[in-house]
Every structure is written in structure tokens, then in C-alpha cells.
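> Quick one: structure below, then a few questions.
The values are calculated or read from the model by the stated rules, or taken from the named source; none is laboratory data. All values derive from a computational prediction rather than experimental measurement. Methodologically, a virtual Cβ is constructed for each residue, glycine included, from the backbone with ideal geometry; neighbour enumeration extends over all protein chains shown.
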Amino acid sequence: MARVLVVDDDTVLGKLYKSSIVNIGHEVEVATDGEEGLKKVEEFKPQLILTDIMMPRMDGLAFLKAVKSNEKTKDIPVIVMTNLNDEVHIKTAKEGGAVSFVLKNEHGPAEIVKAIKECFANEPTKAL
């Protein structure tokens, strides 16, 4: 069982993702923006983070940058989720250290679960 943090301002989607991830055996916490997400990273110590891009107070790209620039959290894999299907955001997320990029408007929770499984398959030491 791994600890997964979901950072998404859409509370309905956050609950849906949480339920889907719990169903595959992981412990999940949810934050509604990047600022809350950073606090949960410190407290919950996730082994994987999923973050939306468009959020209030601190967006997902700023959150990703903060996670990756912190020596204690830089090795946590981050999957970026968004409805923004443009090369600029995809490139920025990948250059910022995201391990995967999922378009929420094209894929549901099953694709998120698949991305999580792939991430842990590629980085098994971070899953335990």
C-alpha cells in the first residue's frame, strides 16, 4: 500500500479519484489547491502525487515546482492531470519533473489508476 496525494480543486473529482485509488489498495489524502497540497506533502508524506493544473491560490505547475525544488520531496513522482490540452502545459509539466500527464476531459478515473500502476511499476521502491 502506498500513500497517494490528490491535489484538485474539483471536490467531486477529488472524491472520485480518492475512491478509485483506495479501491486498488492505496491510502489517499485530498487537497483542494497547491498551498493545501504542500502542507499535506509535509504531513502525509505521500509516495505519489496527482495534481491538477488550474486551481486557486497556487496552481498545479507552481505546486509541482515547489515539490521538485524541495530536497525532501524532489523524488516524489508527480502525475499532472488537466483539461488543458496544449503543448505548452504538457512541456512545462514534463520539464518541471512530472512523470506523466493525463487529460481529465478525455480520460476518467480508470486512466488515473492505470497511470498510478505504471508509475509504481517503473519506480517500485517509491511504492513501498
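> Quick check: anything in segment 48-56 out of contact with any strand residue (DSSP E or B) (no Cβ under 9 Å at 6 or more places or on another chain), under 15 Å from A2 (Cα atoms) and in contact (Cβ under 8 Å) with a residue 60 or more places away in the chain?
The answer is no; no qualifying residue exists.
> Could you please find all residues in segment 97-118 being farther than 16 Å from T82 by Cβ and in contact (Cβ under 8 Å) with a residue 12 or more places away in the chain?
A110, V113, I116, K117, E118
> Among the residues of segment 93-104, count how many are under 16 Å from V67 (Cα atoms), under 15 Å from the mean Cα position of the chain (by Cα) and surrounded by fewer than 18 Cβ atoms within 10 Å (Cβ to Cβ).
Residues that pass the stated criteria total 2.
> A follow-up question, please. Does segment 63-84 contain any residue that is free of Cβ contacts under 8 Å to residues at least 60 places away in the same chain, among the small types (G, A, S) and touching a strand residue (DSSP E or B) at 6+ places or on another chain (Cβ under 9 Å)?
No, segment 63-84 contains no residue that is free of Cβ contacts under 8 Å to residues at least 60 places away in the same chain, among the small types (G, A, S) and touching a strand residue (DSSP E or B) at 6+ places or on another chain (Cβ under 9 Å).
> Do you know which of the residues in segment 72-92 that are aliphatic (A, V, I, L, M) and in contact with an Asp or Glu (Cβ under 9 Å, 6 or more places away or on another chain) is surrounded by the most Cβ atoms within 10 Å (Cβ to Cβ)?
V80
> Please go through (1) under 18 Å from F120 (Cα atoms); (2) modelled with pLDDT of 95 or more for M81 and return the number of the only condition it doesn't satisfy.
Here M81 meets the rest and fails (2).
> Kindly list the number of the only condition in (1) assigned to a loop (DSSP other than H, G, I, E, B); (2) touching a strand residue (DSSP E or B) at 6+ places or on another chain (Cβ under 9 Å); (3) closer than 17 Å to L16 by Cα that fails for E106.
Result: E106 fails condition (2) only.
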